[in-house]
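The values are calculated or read from the model by the stated rules, or taken from the named source; none is laboratory data. Predicted, not measured: the structure shown is a model, and the values here were computed from it. Positions of Cβ are generated from backbone atoms using ideal geometry, with glycine treated the same way; all protein chains shown enter the neighbour counts. Heavy atoms of the whole protein, side chains included, go into the accessibility calculation; ligands, DNA and RNA do not. Shrake-Rupley method; radii C 1.70, N 1.55, O 1.52, S 1.80 Å.
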Amino acid sequence: MLRLPQVAMATGQVLFHRFYYLNSFKKYNVKDVAFASIFLGSKLEENQRKLREFLNVFNHMMQLRSGIKHKPLEIGSQKYWEMKDQLIKTERIMLKDMGFQVFVEHPYKYLVNYLAILKLDDSSVGQKAWNYLNDSYRTNICVRFKTPIIATSCIYMAARVLQIPLPEQPPWWELFGASKDKMDEIAWYITRLYSMSKAVYIPLDKDESKSSNEVSQLSGKQSPISPKSPSASLSEEIDQQQQQQQQQQQQLLNVNKRQASPPQSSSTSSNVSGNSSRRDNRKETSDRSRKSRRHRHVRRRSSRQDREKDRERRS
(Lines give C-alpha, C1' and ligand atoms only; values in the text may rest on other atoms or scores of the structure.)
Protein backbone atom coordinates (compact mmCIF):
# COMPACT_ATOMS: atom_id res chain seq x y z
CA MET A 1 0.00 0.00 0.00
CA LEU A 2 2.86 2.36 0.74
CA ARG A 3 4.68 1.24 -2.43
CA LEU A 4 8.04 1.15 -0.72
CA PRO A 5 11.02 -0.46 -2.48
CA GLN A 6 12.36 -3.81 -1.35
CA VAL A 7 15.46 -2.24 0.19
CA ALA A 8 13.42 0.00 2.51
CA MET A 9 11.34 -2.93 3.75
CA ALA A 10 14.47 -5.03 4.26
CA THR A 11 16.06 -2.22 6.28
CA GLY A 12 12.98 -2.07 8.49
CA GLN A 13 13.15 -5.84 9.08
CA VAL A 14 16.81 -5.67 10.08
CA LEU A 15 16.10 -2.84 12.55
CA PHE A 16 13.23 -4.88 13.99
CA HIS A 17 15.51 -7.88 14.66
CA ARG A 18 18.25 -5.66 16.09
CA PHE A 19 15.87 -4.00 18.52
CA TYR A 20 14.50 -7.27 19.88
CA TYR A 21 18.01 -8.62 20.30
CA LEU A 22 18.32 -5.92 22.99
CA ASN A 23 14.79 -5.89 24.45
CA SER A 24 11.98 -8.22 25.44
CA PHE A 25 8.68 -8.82 23.67
CA LYS A 26 6.91 -8.25 26.98
CA LYS A 27 8.34 -4.76 27.42
CA TYR A 28 7.50 -3.36 23.97
CA ASN A 29 4.53 -4.14 21.77
CA VAL A 30 5.44 -5.95 18.55
CA LYS A 31 2.98 -4.00 16.43
CA ASP A 32 4.32 -0.63 17.53
CA VAL A 33 7.93 -1.70 16.95
CA ALA A 34 7.12 -3.14 13.50
CA PHE A 35 5.33 0.08 12.55
CA ALA A 36 8.24 2.24 13.75
CA SER A 37 10.79 -0.03 12.01
CA ILE A 38 9.17 0.46 8.61
CA PHE A 39 8.85 4.19 9.25
CA LEU A 40 12.53 4.46 10.21
CA GLY A 41 13.66 2.20 7.36
CA SER A 42 11.95 4.41 4.79
CA LYS A 43 13.83 7.41 6.19
CA LEU A 44 17.20 5.67 6.06
CA GLU A 45 16.72 4.57 2.46
CA GLU A 46 15.45 8.05 1.46
CA ASN A 47 12.04 6.75 0.42
CA GLN A 48 10.03 8.53 3.06
CA ARG A 49 6.26 8.82 2.84
CA LYS A 50 3.95 11.21 4.65
CA LEU A 51 3.19 10.41 8.24
CA ARG A 52 -0.56 10.31 7.68
CA GLU A 53 -0.06 7.68 4.95
CA PHE A 54 1.73 5.42 7.43
CA LEU A 55 -1.02 5.95 10.00
CA ASN A 56 -3.80 5.19 7.50
CA VAL A 57 -2.11 2.00 6.28
CA PHE A 58 -1.35 0.78 9.80
CA ASN A 59 -4.91 1.48 10.92
CA HIS A 60 -6.25 -0.40 7.89
CA MET A 61 -4.02 -3.41 8.61
CA MET A 62 -5.06 -3.48 12.27
CA GLN A 63 -8.73 -3.47 11.34
CA LEU A 64 -8.18 -6.13 8.67
CA ARG A 65 -6.35 -8.47 11.08
CA SER A 66 -8.94 -7.94 13.83
CA GLY A 67 -11.88 -8.63 11.53
CA ILE A 68 -13.40 -5.18 12.06
CA LYS A 69 -15.18 -3.35 9.28
CA HIS A 70 -12.82 -0.88 7.65
CA LYS A 71 -13.28 2.70 8.80
CA PRO A 72 -10.95 5.44 7.52
CA LEU A 73 -8.83 7.22 10.09
CA GLU A 74 -9.96 10.81 10.54
CA ILE A 75 -7.14 13.34 10.54
CA GLY A 76 -7.15 15.31 13.77
CA SER A 77 -9.16 12.79 15.75
CA GLN A 78 -8.07 11.49 19.15
CA LYS A 79 -7.06 8.11 17.71
CA TYR A 80 -4.98 9.85 15.06
CA TRP A 81 -2.99 11.82 17.64
CA GLU A 82 -2.56 8.77 19.90
CA MET A 83 -1.15 6.69 17.03
CA LYS A 84 1.12 9.53 15.96
CA ASP A 85 2.51 10.04 19.47
CA GLN A 86 3.07 6.30 19.90
CA LEU A 87 4.93 6.08 16.59
CA ILE A 88 7.27 8.96 17.41
CA LYS A 89 7.85 7.64 20.93
CA THR A 90 8.70 4.13 19.71
CA GLU A 91 11.05 5.50 17.06
CA ARG A 92 12.97 7.48 19.69
CA ILE A 93 13.22 4.42 21.96
CA MET A 94 14.59 2.32 19.11
CA LEU A 95 17.22 4.89 18.20
CA LYS A 96 18.28 5.29 21.83
CA ASP A 97 18.54 1.55 22.55
CA MET A 98 20.51 0.88 19.35
CA GLY A 99 22.83 3.80 20.07
CA PHE A 100 21.85 5.45 16.76
CA GLN A 101 23.77 2.67 14.96
CA VAL A 102 21.31 2.28 12.09
CA PHE A 103 23.64 1.51 9.20
CA VAL A 104 22.44 -1.58 7.34
CA GLU A 105 24.37 -3.47 4.67
CA HIS A 106 22.22 -5.76 2.55
CA PRO A 107 23.39 -8.90 0.70
CA TYR A 108 21.73 -7.87 -2.57
CA LYS A 109 24.84 -6.27 -4.08
CA TYR A 110 26.96 -9.28 -3.12
CA LEU A 111 24.41 -11.62 -4.67
CA VAL A 112 24.49 -9.79 -8.02
CA ASN A 113 28.30 -9.70 -8.09
CA TYR A 114 28.68 -13.37 -7.15
CA LEU A 115 26.19 -14.45 -9.81
CA ALA A 116 28.14 -12.46 -12.40
CA ILE A 117 31.40 -14.10 -11.32
CA LEU A 118 29.84 -17.57 -11.56
CA LYS A 119 28.21 -16.60 -14.89
CA LEU A 120 24.73 -17.36 -13.56
CA ASP A 121 23.21 -13.89 -13.81
CA ASP A 122 21.11 -14.80 -16.88
CA SER A 123 19.82 -18.11 -15.52
CA SER A 124 16.93 -18.97 -13.19
CA VAL A 125 19.39 -19.39 -10.31
CA GLY A 126 19.51 -15.63 -9.82
CA GLN A 127 15.74 -15.25 -9.35
CA LYS A 128 15.57 -18.28 -7.08
CA ALA A 129 18.44 -17.01 -4.92
CA TRP A 130 16.82 -13.56 -4.80
CA ASN A 131 13.60 -15.11 -3.48
CA TYR A 132 15.49 -17.00 -0.79
CA LEU A 133 17.23 -13.79 0.20
CA ASN A 134 13.93 -11.95 0.61
CA ASP A 135 12.55 -14.77 2.75
CA SER A 136 15.66 -14.79 4.92
CA TYR A 137 14.65 -11.44 6.43
CA ARG A 138 11.83 -13.22 8.22
CA THR A 139 14.46 -14.91 10.39
CA ASN A 140 17.24 -13.47 12.54
CA ILE A 141 20.10 -14.57 10.29
CA CYS A 142 20.45 -10.97 9.08
CA VAL A 143 21.90 -10.08 12.50
CA ARG A 144 23.78 -13.35 13.10
CA PHE A 145 25.79 -13.79 9.90
CA LYS A 146 27.73 -11.52 7.59
CA THR A 147 26.06 -10.37 4.40
CA PRO A 148 28.52 -12.05 1.96
CA ILE A 149 27.91 -15.43 3.64
CA ILE A 150 24.13 -14.98 3.39
CA ALA A 151 24.37 -14.18 -0.31
CA THR A 152 26.59 -17.22 -0.91
CA SER A 153 24.15 -19.45 0.98
CA CYS A 154 21.22 -18.29 -1.16
CA ILE A 155 23.16 -19.16 -4.35
CA TYR A 156 24.06 -22.52 -2.83
CA MET A 157 20.38 -23.29 -2.07
CA ALA A 158 19.14 -22.19 -5.50
CA ALA A 159 21.75 -24.27 -7.30
CA ARG A 160 20.91 -27.35 -5.24
CA VAL A 161 17.16 -27.00 -5.83
CA LEU A 162 17.52 -26.40 -9.58
CA GLN A 163 20.23 -29.11 -9.81
CA ILE A 164 22.78 -26.86 -11.48
CA PRO A 165 26.34 -28.09 -10.85
CA LEU A 166 28.95 -25.68 -9.54
CA PRO A 167 32.70 -26.24 -9.20
CA GLU A 168 33.65 -28.07 -5.98
CA GLN A 169 37.37 -28.67 -6.54
CA PRO A 170 38.31 -26.19 -5.27
CA PRO A 171 34.97 -25.27 -3.62
CA TRP A 172 33.45 -22.21 -5.21
CA TRP A 173 32.18 -20.79 -1.86
CA GLU A 174 35.73 -20.44 -0.53
CA LEU A 175 36.28 -17.76 -3.14
CA PHE A 176 33.67 -15.64 -1.35
CA GLY A 177 34.93 -16.32 2.18
CA ALA A 178 32.15 -18.74 3.20
CA SER A 179 32.25 -22.16 4.82
CA LYS A 180 30.13 -25.27 4.28
CA ASP A 181 28.94 -25.40 7.89
CA LYS A 182 27.63 -21.83 7.91
CA MET A 183 25.92 -22.27 4.56
CA ASP A 184 24.15 -25.41 5.80
CA GLU A 185 23.04 -23.60 8.94
CA ILE A 186 21.61 -20.66 6.99
CA ALA A 187 19.92 -23.03 4.54
CA TRP A 188 18.32 -24.88 7.45
CA TYR A 189 16.89 -21.65 8.92
CA ILE A 190 15.43 -20.58 5.57
CA THR A 191 13.93 -23.96 4.62
CA ARG A 192 12.37 -24.25 8.07
CA LEU A 193 10.17 -21.27 7.23
CA TYR A 194 8.30 -23.22 4.55
CA SER A 195 7.33 -25.99 6.98
CA MET A 196 6.09 -23.65 9.73
CA SER A 197 2.45 -22.72 10.21
CA LYS A 198 1.14 -19.21 9.66
CA ALA A 199 2.30 -16.72 12.26
CA VAL A 200 -0.34 -15.68 14.80
CA TYR A 201 -0.13 -12.57 16.95
CA ILE A 202 -0.17 -13.38 20.68
CA PRO A 203 -0.92 -10.37 22.94
CA LEU A 204 1.20 -10.39 26.08
CA ASP A 205 -0.67 -7.59 27.87
CA LYS A 206 -3.76 -8.49 29.86
CA ASP A 207 -5.81 -5.54 28.62
CA GLU A 208 -4.87 -6.24 25.04
CA SER A 209 -5.81 -9.92 25.34
CA LYS A 210 -9.23 -8.92 26.69
CA SER A 211 -9.81 -6.54 23.79
CA SER A 212 -8.76 -9.22 21.29
CA ASN A 213 -11.22 -11.69 22.83
CA GLU A 214 -14.03 -9.13 22.61
CA VAL A 215 -13.20 -8.41 18.98
CA SER A 216 -13.13 -12.11 18.15
CA GLN A 217 -16.54 -12.61 19.77
CA LEU A 218 -18.00 -9.73 17.78
CA SER A 219 -16.52 -11.01 14.52
CA GLY A 220 -17.51 -14.63 15.22
CA LYS A 221 -13.92 -15.87 15.23
CA GLN A 222 -12.00 -17.64 17.96
CA SER A 223 -9.22 -15.78 19.69
CA PRO A 224 -5.69 -17.07 19.04
CA ILE A 225 -5.22 -17.33 22.83
CA SER A 226 -7.33 -19.62 24.96
CA PRO A 227 -7.65 -18.96 28.71
CA LYS A 228 -5.72 -22.14 29.45
CA SER A 229 -2.82 -21.43 27.10
CA PRO A 230 0.66 -21.15 28.67
CA SER A 231 1.22 -17.67 27.27
CA ALA A 232 -1.98 -16.40 28.91
CA SER A 233 -1.12 -17.97 32.26
CA LEU A 234 2.38 -16.50 32.05
CA SER A 235 1.00 -13.03 31.39
CA GLU A 236 -1.42 -13.40 34.32
CA GLU A 237 1.42 -14.37 36.65
CA ILE A 238 3.47 -11.39 35.52
CA ASP A 239 0.49 -9.08 36.07
CA GLN A 240 -0.05 -10.46 39.58
CA GLN A 241 3.60 -9.87 40.44
CA GLN A 242 3.36 -6.32 39.16
CA GLN A 243 0.23 -5.69 41.25
CA GLN A 244 1.93 -7.04 44.37
CA GLN A 245 4.94 -4.79 43.77
CA GLN A 246 2.65 -1.79 43.33
CA GLN A 247 0.85 -2.58 46.59
CA GLN A 248 4.14 -2.88 48.45
CA GLN A 249 5.32 0.43 47.04
CA GLN A 250 2.04 2.08 48.06
CA GLN A 251 2.39 0.75 51.61
CA LEU A 252 5.93 2.10 51.84
CA LEU A 253 4.76 5.48 50.62
CA ASN A 254 2.00 5.57 53.25
CA VAL A 255 4.50 4.71 56.01
CA ASN A 256 6.86 7.43 54.83
CA LYS A 257 4.04 9.97 54.82
CA ARG A 258 3.07 9.09 58.38
CA GLN A 259 6.65 9.41 59.56
CA ALA A 260 7.03 12.73 57.81
CA SER A 261 3.81 14.22 59.26
CA PRO A 262 5.27 15.54 62.66
CA PRO A 263 7.97 17.64 61.02
CA GLN A 264 5.29 19.20 58.89
CA SER A 265 3.40 20.42 62.02
CA SER A 266 6.56 21.96 63.49
CA SER A 267 7.25 23.65 60.20
CA THR A 268 3.75 25.12 60.17
CA SER A 269 4.18 26.42 63.75
CA SER A 270 7.49 27.99 62.80
CA ASN A 271 5.80 29.61 59.82
CA VAL A 272 3.08 31.05 62.10
CA SER A 273 5.65 32.44 64.54
CA GLY A 274 7.59 33.90 61.65
CA ASN A 275 4.48 35.61 60.32
CA SER A 276 3.68 37.10 63.75
CA SER A 277 7.22 38.45 64.10
CA ARG A 278 6.93 40.05 60.69
CA ARG A 279 3.72 41.77 61.73
CA ASP A 280 5.36 43.13 64.88
CA ASN A 281 8.25 44.50 62.84
CA ARG A 282 5.82 46.19 60.49
CA LYS A 283 4.00 47.82 63.41
CA GLU A 284 7.25 49.15 64.88
CA THR A 285 8.32 50.64 61.57
CA SER A 286 4.90 52.27 61.11
CA ASP A 287 5.05 53.81 64.63
CA ARG A 288 8.51 55.17 63.96
CA SER A 289 7.40 56.74 60.72
CA ARG A 290 4.46 58.42 62.47
CA LYS A 291 6.68 59.87 65.20
CA SER A 292 9.12 61.24 62.66
CA ARG A 293 6.26 62.94 60.80
CA ARG A 294 5.04 64.61 64.00
CA HIS A 295 8.53 65.97 64.76
CA ARG A 296 8.79 67.40 61.27
CA HIS A 297 5.42 69.12 61.62
CA VAL A 298 6.46 70.72 64.96
CA ARG A 299 9.72 71.97 63.47
CA ARG A 300 7.89 73.57 60.59
CA ARG A 301 5.58 75.45 62.99
CA SER A 302 8.46 76.73 65.09
CA SER A 303 10.28 77.96 62.02
CA ARG A 304 7.19 79.88 60.88
CA GLN A 305 6.79 81.56 64.28
CA ASP A 306 10.44 82.64 64.28
CA ARG A 307 10.04 84.19 60.86
CA GLU A 308 7.00 86.22 61.96
CA LYS A 309 8.87 87.54 65.04
CA ASP A 310 11.76 88.66 62.87
CA ARG A 311 9.42 90.54 60.58
CA GLU A 312 7.78 92.33 63.54
CA ARG A 313 11.18 93.42 64.88
CA ARG A 314 12.26 94.79 61.53
CA SER A 315 9.08 96.71 61.12
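Among residues of region 177-200 that are within 19 Å of ILE155 (Cβ to Cβ) and modelled with pLDDT of 90 or more, those with a beta-carbon under 8 Å from a residue that is open to solvent by less than 40 Å² (accessible area, probe 1.4 Å) and in a loop (DSSP other than H, G, I, E, B) at least six positions away or on a different chain give the pairs LYS182/PHE145; ILE186/PHE145; TYR189/THR139; ILE190/THR139; LEU193/THR139.
Of all residues in region 98-140, those satisfying the criterion of being surrounded by fewer than 18 Cβ atoms within 10 Å (Cβ to Cβ) and of a type in the set (A, V, I, L, M) are MET98, VAL102, VAL112, ALA116, ILE117.
Out of the residues in region 116-155 meeting the condition of being of a type in the set (Gly, Ala, Ser) and under 24 Å from ILE38 (Cβ atoms), tell me which one is farthest from the chain's Cα centre (by Cα). Top of the filtered list is ALA151.
Could you check region 1-111 for helices (runs of 4 or more DSSP H) lying wholly inside it with 3 or more residues that are more than 25 Å from LYS146 (Cβ to Cβ) and either in contact (Cβ under 8 Å) with a residue 24 or more places away in the chain or under 20 Å from the mean Cα position of the chain (by Cα) (or both)?
30-44, 51-66, 78-97
For region 22-50, a tally of residues being open to solvent by 40 Å² or more (accessible area, probe 1.4 Å) and either within 15 Å of LEU4 (Cα to Cα) or in contact with a Gly (Cβ under 6 Å, 6 or more places away or on another chain) (or both) returns 9.
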